[in-house]
Amino acid sequence: MNILIASAELDPYAKRGGLADIAASLPIEWKKYGQNPIVIMPKYGFIDTHYHGFKPTYLVLYVPVGHWVEFAHLWYGTLPNSDVPVYLVENADYFNRWGIYGDPNEYLDNDRRFIFFSRAVMEAAKALGFKPDIIHSHDFHTAFTLAFLKSQYRFDYHFSRTAGVYTIHNLAYQGWFNPERAMEYSGFGMKEFYPGSWFERYGSVNAMKTGLMFADKITTVSPNYAREIRYPYYSEGLQDILNLRAGDLIGILNGANYKEWNPETDKHIYKNYTSASLEDKEINKRKFIEEYFETSENLDMPLIGMTTRLAEQKGIDLIINKIEYFLSNDEFRFVLLGSGERHYEDFFNYLAWKYPGKVSVNLGYNQVMSYKILAACDFFFLPSRFEPCGLTQMYAMKYGTIPIVRHTGGLADTVEEYNWNSGKGVGLVFFQYNADDFAFAIRRALSMYKQEPHWDIVRKNAMKKDFSASRSALEYLKVFKWALEKVL
């Protein structure tokens, strides 16, 4: 199959979350299975094209926007350590900026930017002579590719047998646009915008709804999340649409990239280790504490880590509610890597000031440090209010770092509570979204710390878990075949 992946993010070039990881790992796996994938993404101003080996193709795209035509250039490269083609859509007005979606706030013209990009994806395929069997669109940013596929390009021979598959990575970000702007930019016009139309939601253009309605098949990033989002608490206001399309909604668990995230081969950590040499994990912990906490005292104290976007979704309020009780009683050290909402950043800066030697706060994005955190920590916080899938709990387990998670979305699909009687399970799980349940899970974790044989058993159980991307890639290929049955 010829598979065209349209994504606003792609690791390692532009990343804000799991979308970038999945958009990069899936096509590499599909290539191994004999498929022919290409990836198209915007050429953001911060992408170092020279470093990543991109070259201009000298192809000029004529991109219809509203009643006029705009232009773009294509750059060509390949995903690292693969021959999967990656094409960058260059338009300085839209993408020559230092943020993907905004820096620090959302860009006011994101409607125009991503409608333009979605249309440019279609024109890029034509310019390249690439006739996709599947257009795989991700989140609201590229939802309009599927609307274009089923309308303006419906009778174009390049796309006459093309099916559209839409993947929801996070339903909370839906792309709410002013209809008078968005409908003009897309070329559909206000005649296609009316109550109940495939574009309209509560008087606005909702790009997520657009993708859901025009897709042949819909996937989301874990089986449990696919079930959850059909209920009001998790549906973010799209319950009726998701239930309308329920027959075409499939949950596929995201796959982990173990070639990059593996303590046996990781070049970023202090010392490599396996489940048979967990004493070397202790070396990572000691060196990490000495470097980032600037102390060599009480190195046996449990170390709990978190790498996250600082947003309410991630359960930050639960941490704020309980963490000082544990820190004031010297029950564990805590390291944070992430950035996000200002009031959360301020709180963690306050923690680092109040508890020197026990709290290390590192605001921003630091890929190398994220590897070191996973290798050094004993436990890992993921107390999310909702979590479509999550990859960090998979990577934490691979590094023998025990996740403390809320039973939601992909966390429920991947983390099972450790059972002291049977010796099965890989982590600590709480169900209700409240601080007391979270604190009780922490208490259970601390009681397990260095209690043999359980401490070694749970870490070895976790390291044996396999959530590799090859498995999820095969599941996607099944969905693609089902989608093609609807158009052939």
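Just a few scattered comments:
- Hits in the range 424-455 (condition: surrounded by 16 or more Cβ atoms within 10 Å (Cβ to Cβ) and not in a helix (DSSP H, G or I)): 425, 426, 427, 428, 429, 430, 433, 449
- If the condition is being of a type outside the set (A, V, I, L, M) and either in contact with a Cys (Cβ under 9 Å, 6 or more places away or on another chain) or surrounded by 24 or more Cβ atoms within 10 Å (Cβ to Cβ) (or both), then the range 1-20 contributes 7, 9, 13, 18.
- Within the range 21-33, residues that are in the same structural domain as residue 8 (by TED's automatic domain parsing) reach partners that are among the charged types (D, E, K, R) and buried (at least 24 other Cβ atoms within 10 Å of the Cβ) with beta carbons closer than 7 Å, at six or more positions or on different chains, in the pairs 23/9.
- Qualifying residue in the range 279-301 (condition: assigned to a loop (DSSP other than H, G, I, E, B) and under 19 Å from residue 392 (Cα atoms)): no
- Test: residue in the range 189-198 that is crowded, with 24+ Cβ neighbours inside 10 Å, of a type outside the set (Lys, Arg) and under 28 Å from residue 92 (Cα atoms): no
- Exactly one residue out of 274, 307 is of a type in the set (S, T, N, Q), under 30 Å from residue 330 (Cα atoms) and not in a loop (DSSP other than H, G, I, E, B), and it is 307.
- Against the list (1) in the same structural domain as residue 444 (by TED's automatic domain parsing); (2) in contact with a strand residue (DSSP E or B) (Cβ under 9 Å, 6 or more places away or on another chain), the condition residue 238 fails is (1).
- Any chance residue 260 is at pLDDT below 95, assigned to a loop (DSSP other than H, G, I, E, B) and not assigned by TED's automatic domain parsing to the domain that holds residue 391: yes
- Residue match in the range 130-141 (condition: at pLDDT below 95 and closer than 20 Å to residue 24 by Cβ): no
Table: residues versus (1) buried (at least 23 other Cβ atoms within 10 Å of the Cβ); (2) touching a residue at least 12 places away in the same chain (Cβ under 8 Å); (3) not acidic (Asp, Glu).
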site	(1), (2), (3)
387	yes, yes, no
390	yes, yes, yes
404	yes, yes, yes
422	no, no, yes
457	no, yes, yes
467	no, yes, yes
475	no, yes, no
479	no, yes, yes
482	no, yes, yes
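- One residue from 132, 104 being touching a residue at least 24 places away in the same chain (Cβ under 8 Å) and either assigned to a helix (DSSP H, G or I) or not acidic (Asp, Glu) (or both): 132
- Every residue from the range 294-309 that is in contact with a Gly (Cβ under 9 Å, 6 or more places away or on another chain) and surrounded by fewer than 20 Cβ atoms within 10 Å (Cβ to Cβ): 294, 295, 297, 298, 309
- Residue, farthest from residue 92 (Cα to Cα), within the range 1-47, restricted to residues that are assigned to a helix (DSSP H, G or I) and touching a Gly at 6+ places or on another chain (Cβ under 8 Å): 29
- Restricting attention to the range 243-252, the residues that are touching a residue at least 24 places away in the same chain (Cβ under 8 Å) and surrounded by fewer than 20 Cβ atoms within 10 Å (Cβ to Cβ) total 3.
- For residue 268: the one exception among (1) modelled with pLDDT under 95; (2) surrounded by fewer than 16 Cβ atoms within 10 Å (Cβ to Cβ): (1)
- Selection status of residue 251, modelled with pLDDT under 95 and closer than 30 Å to residue 400 by Cα: no
- Of the criteria (1) in contact (Cβ under 8 Å) with a residue 12 or more places away in the chain; (2) part of a helix (DSSP H, G or I), which one residue 350 fails: (1)
- Residue 339 meets each of the listed conditions (1) more than 21 Å from residue 267 (Cβ to Cβ); (2) among the hydroxyl-bearing types (Ser, Thr, Tyr); (3) more than 18 Å from the chain's Cα centre (by Cα) apart from (3).
- Verdict on residue 284 being surrounded by 15 or more Cβ atoms within 10 Å (Cβ to Cβ), of a type in the set (S, T, N, Q) and under 21 Å from residue 446 (Cβ atoms): yes
The values are calculated or read from the model by the stated rules, or taken from the named source; none is laboratory data. None of the values given here were measured: they were computed from a predicted structure. Using ideal geometry, Cβ is built from the backbone for each residue, glycine included, and neighbour counts are taken over all protein chains shown.
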